[in-house]
Amino acid sequence: SMPASLAVGTAAVLLGAVTQVFARSSKFSLFDPAKEMVYIDMTKDEKSQGKAAVDLVGSQIGKSGASWIAQALLLTLGSIPAALPVMFVIYGV
């Protein structure tokens with residue numbers, strides 16, 4: 001029989017893999033097309049400038065915002081296992 005720690009570790013890795021698959025598939029199938037729809041009525045120059053600004057600034061704000069939320073949850077709840085269910089609800093993944 002498999003030791004409990006190995007079973008928990010295996011389950012965690014599998015859960016992480018499933019989470020990544022769902023996160024990436026939702027990004028590529030929902031978010032990216034919606035983001036591109038914003039640029040339909042723009043000129044070519046406006047599109048290139050707008051995309052550069054959104055890609056650089058927006059992605060950095062999103063990543064740092066998610067980091068701040070995760071850090072606040074860890075500090076507030078005290079541990080990763082306590083914070084994970086809340087992160088699951090917030091990020092919807």
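What figure in square angstrom, to the nearest 10, would you give for the accessible area of LEU15 with a 1.4 Å probe?
120 Å²
Against the longest alpha carbon principal axis of the chain, how many degrees, from 0 to 90 and to the nearest 10, is the axis of helix 4-26 turned?
Tilt relative to the chain: about 10 degrees.
P(r) for the chain: what percent of alpha-carbon pairs falls in each 10 Å bin, starting at zero?
Computed distribution, short to long bins: 13, 30, 30, 17, 7, 2, 0.
Rolling a 1.4 Å sphere over the protein heavy atoms, what is the accessible area per residue of the chain, to the nearest Å²?
Each residue of the chain exposes 79 Å² on average to a 1.4 Å probe.
Share of the chain's accessible area from carbon and sulfur, percent, 1.4 Å?
Ligands and nucleic acids excluded, carbon and sulfur reach 73 percent.
Helix 59-77: angle to the longest alpha-carbon principal axis of the chain, degrees 0 to 90, nearest 10?
On a 0 to 90 degree scale, this one is about 30.
As I understand it, the value is the acute angle between the Cα axis of helix 44-53 and the longest principal axis of the Cα atoms of the chain; what does it come to in degrees, rounded to 10?
Tilt relative to the chain: about 30 degrees.
The values are calculated or read from the model by the stated rules, or taken from the named source; none is laboratory data. Quantities reported herein were computed from a predicted structural model and do not represent experimental measurements. Calculation scope for accessible area: heavy atoms of the full protein, side chains included, ligands and nucleic acids excluded. Shrake-Rupley method; radii C 1.70, N 1.55, O 1.52, S 1.80 Å.
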